[in-house]
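Single-structure report; data block below.
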Amino acid sequence: MGQEGPGGVGEPEGLREPAGVGEPADRSGRCGRCGRVRRWYEDELGWPTAPGAPVRLRVGVRFDVLDVPAEAGHAALWRLGPGSPVAVQGDRMRLLVAAGSAEELPGLLDWLEWGALALDLTAIGAGGVMAAPPPPGPGPTGTRPLPLDRRGSQGAAAWLRPPGPGCEVEASLPTLSAVGSGEGAPDLVRLVDTVAAQCHRVRLRRACARPPACPQVPRPYQQAAAQPLAFSYSSRMDAGTRPRSLTS
């Protein structure tokens, strides 16, 4: 796991493209299974890939990524639109969000009053990469999307909600500009607030599952772990405040 700042924003190890990555023998990356996977992403979706094998997707061009515990991510899926892509790898879930969202995350967490907590929530933006799950569908490189209660096989990346055909993924991604717009794109602020609350619950449950590290849990924290957290998004919107990015 990568380093986290006060607000739990960091970059998971292995998700930034290392310098001097070796390329395949033919320097095109278009031979064999990796070549078929690469062609699907680049030609069918218009998503750039990083050189070398295995195939990795460049982040920050068409989308950014929120990397969260799978348990927390599952509880936040209802905040996404039906076409928002979601990938899983081991016990991690990767929620695709609008490009540029990674830069907004620290400010959003502060505005939502989550910034002072160490959350297992990381944002991957420009310069980062993510493992490319096999394309959905039949064929030697295709796979079926995972059921909602499944994880990637042996830590391999897989699509929980695969991207649809075509090159217009941006319309389905959570974005900051959707706040209060009433349009079809999911609201990034509501998604981040929900994910942060779920990450906090997961952290509390894990801490209390280790008796030596948590011999006695104060009652307020027991209640916080057992009950929904009514946090600040709706109250702040009712009060007329908005993230700095929307008021500048």
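Computed values, structure above
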| quantity | calculated |
| --- | --- |
| Theoretical gain in end-to-end length, Ser177 to Arg205 [0.36 nm per residue, Cα-Cα removed] | 6.7 nm |
| Paramagnetic label zone (point 7 Å from Cα along Cα-to-C-beta, Ala126; backbone N under 12 Å) in segment 60-88 | 60-62 |
| By accessible area with a 1.4 Å probe, ligands and nucleic acids excluded, highest first: order of Glu113, Glu168 | Glu168, Glu113 |
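The values are calculated or read from the model by the stated rules, or taken from the named source; none is laboratory data. Bear in mind that the values here come from a model prediction, so they are computed numbers and not experimental data. Note: ideal-geometry Cβ built from the backbone for every residue, glycine included; neighbour counts use all protein chains shown. Surface accessibility is based on the protein's heavy atoms, side chains included, excluding ligands, DNA and RNA. Shrake-Rupley method; radii C 1.70, N 1.55, O 1.52, S 1.80 Å.
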